[in-house]
Structures are given as C-alpha cells and as structure tokens.
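Shown next, in structure tokens, is the structure this report addresses.
Please treat every number below as a calculation from the coordinates, not as lab data. All values reported here derive from a predicted model rather than from experimental measurement. Counting neighbours? That spans all protein chains shown, and the Cβs are built from the backbone with ideal geometry, glycine included.
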Amino acid sequence: MIFDKSNIVKAKFISRPNRFEACVYKDNSKIMIHVPNTGRCKEILIPGARVILRKENNPSRKTEYDLIAAYKGENLINIDSQIPNKVVYEALNMKKIDFFRKYIKVEREKIFGNSRFDFELWDRNNRRCFLEVKGVTFEKNGIALFPDAPTERGRKHLLELVEAKKSGLEAAILFLIQMTGVKCFTPYDEVDRKFGEDLRYAWQNDVKIFAYDCNVGEYFIILKDKIPVKL
C-alpha cells in the first residue's frame with residue numbers, strides 16, 4: 001500500500017511515557033504524538049531513533065500525528081498495528097500469496113465461535129477458510145519473533161483456528177513481518193511460552209502457518225517474500 005506523501009513527515013524519537021503516546025522532535029520542537037501499537041517496541045523506539053509520522057486530519061484528536069515507522073540502524077520497521085491487515089487484504093486481492101489464490105471472495109472481520117478473525121475466504125465451491133493476521137515488529141539476529149509481550153488474545157485465536165479446522169473448515173495464521181532482511185520466523189518462547197506451545201499445537205492440527213516479510217519505505221509498505229517458519 002502507498003501512503004499519501006503530503007501526510008508523511010520525519011522526526012526524532014525522545015521518549016514513550018506510556019503505551020499510547022510518545023515525545024519526538026519535529027522541526028526542532030518537542031511534540032506529543034500517538035503510538036498506534038501497544039507492543040513494547042523497546043528495541044526500536046530508543047532515544048535518537050529516526051521515526052516516520054503520519055499526519056491525521058482529525059480536529060477531535062488529542063495529538064496531530066501517529067508514529068508509524070522507525071529506523072533500526074538502516075532498516076525501516078513499520079509499527080502501525082492497523083497496517084498488517086491492510087497489507088494482507090491488498091495482497092489477497094492481488095493474488096500475491098500462493099496458498100490463497102484459489103479463494104475468490106475475501107471478507108473482513110468475521111466471527112467464528114468466540115473469536116473475530118481478520119478474514120473469511122471463500123473458494124468457487126463455497127469452501128471457507130478463516131485467516132488471522134499478526135503483525136511482527138521484533139527482530140533479533142536476523143530472526144523475526146512474535147509476540148514481544150504476552151498475548152492471551154493471540155492464544156485464544158490459535159485455539160479457535162484449531163476448532164475451525166476440526167469443524168471441517170480451512171484455517172490459517174499469517175505473521176506479517178513489517179520489515180525486510182530477516183532469515184526466518186519463530187515464536188518468541190522466552191516472552192510467551194504458552195503462545196509458542198499453542199502455535200505448535202495448531203500446526204499439529206493442520207492449521208496453516210505462514211510468514212511473509214515486507215518492503216518498507218517511508219511512503220509505502222508492500223508484502224514481499226515468504227519467510228521460513230521454524231517451530
């Protein structure tokens with residue numbers, strides 16, 4: 001997806017007093033901005049980091065800008081938690097993901113059991129597939145890891161995907177790595193051991209598990225390549 005260049009500005013990160021706000025230098029002035037990601041992002045949002053902001057034209061907002069990406073060295077990482085679904089939705093409609101090319105209908109935010117999944121897909125024979133998308137922003141030594149904080153909601157989604165599969169539907173989870181240059185993806189067991197266990201349980205029950213990285217620029221983010229998943 002391509003961003004409106006007129007709404008994109010650069011800044012320098014100062015601090016993050018809480019999950020939802022950050023302080024940055026923009027045009028030599030300190031301003032408070034919104035952080036659209038409740039994850040920790042501690043290895044990305046460090047003092048002095050170059051960050052990318054998106055202007056939000058909403059007069060009722062408390063802050064004028066969202067922090068959507070940050071440089072880790074020379075690698076730009078998108079951290080906007082609303083982006084992964086939009087990138088995958090675009091890729092599904094453009095038939096860029098091999099496994100899902102057979103599906104001709106894509107619907108968003110669909111309920112199965114006690115969970116709301118990101119997508120419900122239909123093929124020509126009305127066979128359905130539920131797809132959940134997780135955005136990945138944490139990288140260590142070239143390995144993408146998820147989650148960067150314990151996620152009870154994420155574990156619930158995995159178990160519901162298993163139930164969908166057992167009911168005769170197709171079920172899948174896609175980890176969208178919001179950067180390029182990683183070698184593989186693996187669950188971050190040190191942070192959330194139960195999520196890793198449930199992901200392996202889902203795989204054992206034939207829930208499909210995919211990871212894709214992205215080309216990330218200051219004005220765009222586009223699904224790139226399939227990345228090996230190591231469980």
Query raised in the report: More than 17 Å apart: what percent of Cα pairs in the range 42-150 qualify?
Result: 66 percent
Query raised in the report: If you project the alpha carbons of the range 83-226 onto their three principal axes, what span does each projection cover, largest first, in Å?
Result: 43, 35, 21
Query - Computed label-point distance, nm, for sites Lys10 and Lys156 using a 7 Å Cα→Cβ extension - result: 4.2 nm
Query raised in the report: Hey, what angle do you get for helix 193-204 against the long axis of the chain, alpha-carbon based, 0 to 90 degrees rounded to 10?
Result: 40 degrees
Requested in this report: Lys and Arg at +1, Asp and Glu at -1: add these up for the other residues within a Cβ distance under 12 Å of Trp203 and post the number.
Outcome: +1
Query raised in the report: Under a Cβ-Cβ cut-off of 9 Å, what is the net charge of the residues other than Thr63 that fall near it, where Lys and Arg count +1 and Asp and Glu count -1?
Result: -2
Report summary line: Taking Lys and Arg as +1 and Asp and Glu as -1, residues besides Val162 with C-beta under 15 Å from its C-beta add up to 0
Report summary line: Output ordering of 10-17, 173-180 (per-residue mean of other Cβ within 10 Å, highest first) is 173-180, 10-17
Report task. Take each of the peptides 123-130, 192-199, average the number of other beta-carbon atoms within 10 Å over its residues, and list them starting from the highest. Result -> 192-199, 123-130
Report summary line: Rounded to one decimal in nm, the spacing of the 7 Å Cα→Cβ label points at Asp123 and Ser29 is 5.7 nm
Report task. Tally the DSSP beta bridges in the chain and give the antiparallel ones as a percent, rounded to 5. Result -> 70 percent
Query raised in the report: Any idea what angle helix 83-93 forms with the longest principal axis of the chain, computed on alpha-carbon atoms, 0 to 90 degrees, nearest 10?
Result: 50 degrees
Report summary line: With only helices counted (DSSP H, runs n ≥ 4, each -39500 (n - 2.57)), the per-residue ellipticity at 222 nm for the chain, to the nearest 500, works out to -5000 deg cm²/dmol
